[in-house]
Amino acid sequence: MKMSVGVLDHCNVSTRKLDETVRFYENVLGFTNGPRPPFNFPGAWLYSSGHPVLHLNDISQTDKQQRTDSGVIDHVAFGCRGFEGTKRHLSEKGIPYHVNQVPNSARWQIFLRDPNNIEIELNFESKNETGE
């Protein structure tokens, strides 16, 4: 049997900052807080392009330990468009970020952190940019 792994379906984050995390992803990355199955614990599913890419588990009322870093997950990356517009948006929101160009490529990256200290990588291919 041949195995084929597709694109990343979603990431799951346990947080004691559910409301702050939802607001961050809505206001900074434009995700939508959408439908979520009726699990027996609180949380949220955040959608991008109609797909629930980020699942949040609220652990604020539990004894579960909150990690001080993102553990074995180093970062989460998203393919994006609108490089200059994204930089302006982040600056207007007061979100610290840094920019990197991938060596020997037309890919630019913007790195930022969410309220849980998870590094977010936003990838932009210059060939997809409109020159805004």
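The values are calculated or read from the model by the stated rules, or taken from the named source; none is laboratory data. Here the structure is a predicted model, which is why all the values come from computation and not from measurement. Virtual Cβ from ideal backbone geometry, glycine too; neighbours counted across all protein chains shown. SASA here: full protein model, heavy atoms, side chains in, ligands and nucleic acids out. Shrake-Rupley method; radii C 1.70, N 1.55, O 1.52, S 1.80 Å.
Taking each residue as 0.36 nm, the span from E129 to E20 lengthens on full extension beyond its C-alpha to C-alpha distance by 36.2 nm.
In the chain, the longest principal axis of the Cα atoms and the axis of helix 18-29 are about 20 degrees apart. Each eigenvalue of the Cα gyration tensor of the chain, multiplied by 5 and square-rooted, gives one semi-axis; in descending order these are 27, 19, 15 Å. On the chain, 51 percent of the accessible area sits on carbon and sulfur atoms, based on a 1.4 Å probe.
Between the Cα long axis of helix 83-93 and the first principal axis of the chain there is an angle of about 50°, rounded to the nearest 10. Checking every one of the chymotrypsin sites (Phe, Trp or Tyr not before Pro) in region 4-67 against DSSP loop status and a limit of 14 other Cβ atoms within 10 Å picks out F39. Accessible surface area normalised per residue over the chain is 65 Å², counting heavy atoms of protein chains with a 1.4 Å rolling probe.
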